[in-house]
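The values are calculated or read from the model by the stated rules, or taken from the named source; none is laboratory data. None of the values given here were measured: they were computed from a predicted structure. In this analysis, Cβ positions are derived from the backbone assuming ideal geometry, glycine residues included, and neighbour counts consider all displayed protein chains. SASA here: full protein model, heavy atoms, side chains in, ligands and nucleic acids out. Shrake-Rupley method; radii C 1.70, N 1.55, O 1.52, S 1.80 Å.
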Amino acid sequence: MDKIVALCKRRGFLFQSSEIYGGINGFWDYGPMGVELKRNLKNAWWEDMIQAHNDLDVLPGAPEAYSMTGIDSTIIMHPQVWKCSGHYDLFHDMMQSCQHCKKLFRADHVAGLLTESEWVASLKKHVVEFTELKEAVAFEPNELQRWLEKKAKNVAPGLAAIHDIPGFMERIRTAVAGGSVSAGELLQLLGSPLGGSLALPCPACGGLLNAPREFNLMFQTYTGALQSEENMAFLRPETAQGIFVNFKNVMDSSRYSLPLGIAQIGKSFRNEITPRNFTFRSREFEQMEIEFFCHPNQSSDWYRYWRDRRMQWYLDLGMRKDRLILREHETSELAHYSVGTADIEYAFPFLPPGEFGELEGIAHRGDFDLRSHMEGKLDEKQRPLKVQLNENGQPKYRGSGKDLSYRDPITNEKYIPHVIEPSAGADRGTLAFLCEAYYEDQAPDENGEMQTRVVMRFHPRLAPIKAAIFPLVKKDGMPELAKEIYLALKKHWVVFYDEKGAVGRRYRRQDEAGTPYCITVDGQTLQDRTVTIRDRDSLEQVRIPMDGIVEEIGKRLRR
Ligand code: ATP
């Protein structure tokens, strides 16, 4: 992962936001390469799901033919949207603060953070007296016990081990039956929950953590000049609600009938307590969401269709099968209104082997969202919570009162549609494709000697630059011909012209940027107007007529 992070900065994929001021946690900027990569991912999603969608035929796995369309709604919406959607009351994480260093942690992340080397490093500060003594030497368990009983109680009162010293000692004696353990292993054992029931220490300093409490993840702001309760507004934590509240507008203004999917790509904001793992958990990020409206009798079939279709989409863009899983949620994990939810998860390299991180969730949401916006926020039995009043005596969860149901134009049946929601993260997707693309292999350098090269094997549709054009040397009319090719290709794709340095080095730079094709103008081009085209992955070079280059690149990109 460190290599990927370094490449992202070096080659202009990703930068920390406001870096010259020391950065701001949880916010990331895309550089010249990153912006193209992410745009290509969003375009591929929009093209495949919406624009090029075949609405005339029944697609394999689909119960019937269906339509797709899009909207672009605002980030700030009427605050009632969030009250009825449930986000105002329920969109929170449990948070813990440290009594000693005051740092904040997401409660369900504390255990995970404990295994990280940065935690081990900071914990080390507190147990330095013991570990310095013991570094790389066999340790004496009785000595460890004395240290825990005396010193550790003061320097690291939250250490899991301290809460049950006899139990811990018994376990550590078994774990290190031979009596030898490295300092690093020892630190991990000291901090690990040992059965899970003991209090976990602060991952930053080893101090005591306060009991978990709720923390709402929505960013708040105010509309207008007065910072009053009535003017309070929220930055959307998901794009989905913009689709639900526009469902009626779309139906009334178009000739679509159900089944219909309405899609949106846009920024969402969550005040994540512990943003981490590069862009995986950011505070500002982009989502690509579809709300698919259908008849309740068919919603289970549609759920399965979308789950499988979305999984296949990642595979078609080059993700390896063994790094991607479709995880169906257990019934106990499902929201009360849902008959199914599945996550598409990717084996991000920052996770321990065998663990996967969510890329996209596909949820069967029943009629929950449309009904909430009609009737007000629903309770767990799907009854509107109309009676709750706010401080001014107004109903707190009043719905819009609008009829958001649908009347079938053929059967005349009236119903509240069910919704299937495939909800993907554009930034998490971009990160996964960056990780997936990174390869190190052996390739000959400019002197023909085999060297390790870093190559980003992006699917050609995702590659930020589609082709690079080089004159072999900066003279003899070669730059003129290369520029001619460059200008012809530039009308269609993002391409790059480079005449500086040895050609081998120019190839390497493009390999690192993931450019699938390099076109070189050489001495022979001057005679017969043919050029070489080099394939990034196979390293194969073939000669083709320069006048057919636009068709050739087009053909290769469509493969
Ligand atoms: P997590 O459990 O990882 O917090 P979630 O289940 O809350 O994610 P959803 O609400 O289902 O996520 O959001 C849909 C998608 O939006 C996720 O699959 C992910 O790709 C993306 N996403 C959600 N939160 C973030 C974030 N903080 N940073 C980047 N992408 C995010």
Return the long-range amide H neighbours of Ala233 (sequence gap of 5 or more, or a different chain), with a cut-off of under 5 Å between placed amide H atoms.
-> Thr221, Tyr222, Thr223
Can you give the accessible area of Arg10 in Å² (nearest 10), computed on protein heavy atoms with a 1.4 Å probe?
-> 140
Measuring from a point 7 Å past the Cα of Glu484 along Cα-to-C-beta, which residues in region 506-538 have an amide N at less than 17 Å?
-> 519-533
Expressed in angstrom and rounded, the centroid-to-centroid distance over alpha carbons for region 1-74 and region 459-489 is 26
Per-q log10 I(q)/I(0), region 465-557, q = 0.15, 0.17 Å⁻¹ (Debye; single scatterer per alpha-carbon; no solvent) | -0.48, -0.62
Got a sec to turn the phi values of region 239-245 into Karplus ³J(HN,Hα) couplings, 6.51 cos²θ - 1.76 cosθ + 1.60 with θ = phi - 60°, whole Hz, x for Gly and Pro?
-> 7, 3, 5, x, 6, 4, 6
In whole Å, what is the distance between the alpha-carbon centres of region 498-546 and region 240-303?
-> 43
Could I have the simple spin-label model distance between Asp301 and Thr69, label points 7 Å from Cα toward Cβ, reported in nm to one decimal?
-> 2.4
Using a 1.4 Å probe and counting only protein heavy atoms, arrange Tyr507, Tyr256, Tyr30, Tyr346 so the residue with the most accessible area comes first.
-> Tyr256, Tyr30, Tyr507, Tyr346
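At a Förster radius of 45 Å, what calculated FRET efficiency corresponds to the Cβ-Cβ distance of Leu59 and Arg505, to the nearest 0.05?
Values: r = 47 Å, r/R0 = 1.04.
The calculated FRET efficiency here is 0.45.
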Would you work out which of Leu317, Trp302, Met288 lies farthest towards the positive end of the dipole of region 287-351? Charges go on Cβ: Lys and Arg +1, Asp and Glu -1.
-> Leu317
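For region 1-48, which whole percent of the accessible surface, found with a 1.4 angstrom probe, sits on carbon and sulfur atoms?
Details: 1360 of 2520 Å².
Accessible surface attributable to carbon and sulfur in region 1-48 totals 54 percent.
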Under a 1.4 Å probe, counting only protein heavy atoms, Leu370 has an accessible area in Å², nearest 10, of 0
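Taking the Cα centre of region 465-557 as origin and charging only Cβ (+1 Lys, Arg; -1 Asp, Glu), how large is the dipole, in debye to the nearest 20? Provide the component values of the computation, followed by the final result.
Numbers: 17 positive and 15 negative charges, 62 e Å.
Computed about the Cα centre, the dipole is about 300 debye.
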Local electrostatic count at Thr525 - Lys and Arg +1, Asp and Glu -1, tallied over other residues with Cβ under 15 Å = -2
Pop the C-beta distance of Lys402 and Glu230 into the FRET formula with R0 = 22 Å and round what comes out to the nearest 0.05.
-> 0.50
Judged on accessible area alone, 1.4 Å probe, highest first, Asp343, Asp476, Asp72 line up as Asp72, Asp476, Asp343
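On full extension of the chain, what length is gained from Thr331 through Glu355, given 0.36 nm per residue of separation minus the C-alpha to C-alpha distance?
Working: separation 24, 0.36 × 24 = 8.64 nm, distance 2.11 nm.
Going from the current span to full extension adds 6.5 nm.
Sort Tyr497, Tyr517 from largest to smallest accessible area, using a 1.4 Å probe on the heavy atoms of the protein chains. Mind showing how you got there, number by number?
Values: Tyr497 45, Tyr517 10 Å².
The ranking, largest first, comes out as Tyr497, Tyr517.
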